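Here the structure is laid out as structure tokens; the discussion comes afterwards.
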Amino acid sequence: MNKRLTRALGALPAAVLAAGAALAPAASASAASAPAAPAVPLVPQAAANPYERGPAPTEESITADEGPFEFEAIAVPAGSGDGFNRGTIYAPTDRGQGTFGAIAVSPGFVSPEAWISWYGPRLASQGFVVMTIETKTLFDQPAARGDQLLAALDYLTSGGSPVRDRVDPARLAVMGHSMGGGGTLEAARKRTALQAAVPLAPWNLNRDWSGVRTPTMILSAQNDFIAANGVHSEPFYEGLTAAPEKAYAELGNAGHMSFNTPNDVIAKYTIAWMKRYVDDDTRYERFLCPAPTGDPALVEYRDTCPGS
């Protein structure tokens, strides 16, 4: 018998205990004569998604300048890790919800990190650890940029990372602009365990992406004369023959450099894709499937309609 219960019974008056003993047989007899309640089958409850971070999304929350998470920016000087130049980490400061998925972002040809830095706060405030990188040289080709994206992810999950305890090494993703977008495809083909990839107006001379096994969303621009859609984004999308899910979204009245300045439409679909596949958060699926044919910001949308 529980020690606390034993001590409590010992403190009761003898008369109370005697009365209780006298009532016990009657209670037992009553219970025995009552019909047995029908057995209720146990229905297993679906486990809540352990990777959901933040409140349920709305159109306003997914296009807001900042999401619900406070974050900090941490400079990563040259020489901090192998395989990349330097960069900046944007990481949620919340330590109460577990680890976060991580995303590495590369700029394009002859483009500095600063041009893609806006993705850091936008994604970190939605519940991701983000590292924007400065490539080794401004002239690095897509394959080299892909290697540097993977090196940045390796750094984030390494012992030397200041945010290692905030990153889930099993939930990693890549994105990049122009040749950085081409590098995003290279990284996804090389490391098939990546959870998501978002090439932005990607440029690459390679056309065969049959080796990519990562859910991939390509964002393109209607007036892109640098990485023309008919030569790059569209055949890249068609070439993703083994990707479990894929999508192609073309922004209307936008050019190649539109991805280097804050844009609510770009943010909306990037966040939705990352949330859906890095966090497995089906609450964001409604922004992707059914296809958003009513979005006036898009002139074309193709997809395999991701389903839960």
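Tabulated data for the structure shown
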item: In sequence order, calculated HN-Hα J values of region 67-78 (Karplus, 6.51, -1.76, 1.60; Hz; x Gly/Pro); result: x, x, 9, 6, 9, 10, 9, 10, 6, 10, x, 4
item: Amide H contacts of Asp295 (H built 1.01 Å from N, under 5 Å, at least 5 apart or other chain); result: none
item: For region 90-151, the spread of Cα positions along each principal axis, largest first, Å; result: 41, 20, 12
item: Shape of region 200-301, Cα gyration tensor, a/c cut at 1.5; result: oblate
item: FRET efficiency for Glu300 and Thr137, using Cβ-Cβ distance with R0 set to 30 Å, rounded to 0.05; result: 0.30
item: Note, ³J(HN,Hα) from phi for region 176-189, Karplus 6.51, -1.76, 1.60, rounded to Hz, x at Gly and Pro; result: x, 10, 6, 5, x, x, x, x, 4, 5, 4, 5, 5, 5
item: Qualifying trypsin sites (Lys or Arg not before Pro) in region 172-238, DSSP loop, other Cβ atoms within 10 Å at most 12; result: Arg207
item: Residues whose placed amide H lies under 5 Å from that of Val167, excluding near-sequence neighbours; result: Phe100
item: Antiparallel bridge percentage (DSSP; both residues within region 59-303; nearest 5); result: 40 percent
item: Karplus-derived HN-Hα couplings along region 150-166 (A = 6.51, B = -1.76, C = 1.60, θ = phi - 60°), whole Hz, x at Gly and Pro; result: 5, 5, 5, 5, 4, 5, 4, 9, 8, x, x, 6, x, 10, 3, 6, 9
item: Amide H contacts under 5 Å for Ser220, placed H, 5+ residues apart; result: Ala201, Ala249, Glu250, Leu251
item: Electrostatic dipole magnitude of region 59-303 [Cβ: Lys, Arg +1; Asp, Glu -1; Cα centre; debye, to 20]; result: 540 debye
item: Amide N proximity, region 182-198 versus Asp280 label position 7 Å along Cα-to-Cβ, cut-off under 19 Å; result: 192-197
item: Added length on full extension, which subtracts the Cα-Cα distance from 0.36 nm per residue, Ala228 to Asp264; result: 10.7 nm
item: All aspartates and glutamates inside 20 Å of Lys136 as judged from Cα atoms, apart from same-chain residues fewer than 8 positions distant; result: Asp82, Glu113, Asp147, Asp154, Glu186
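Since every read-out is calculated from the coordinates, none of them should be taken as a lab result. All values derive from a computational prediction rather than experimental measurement. All Cβ positions, even for glycine, are placed from backbone atoms using ideal geometry, and neighbour counts span all protein chains on display.
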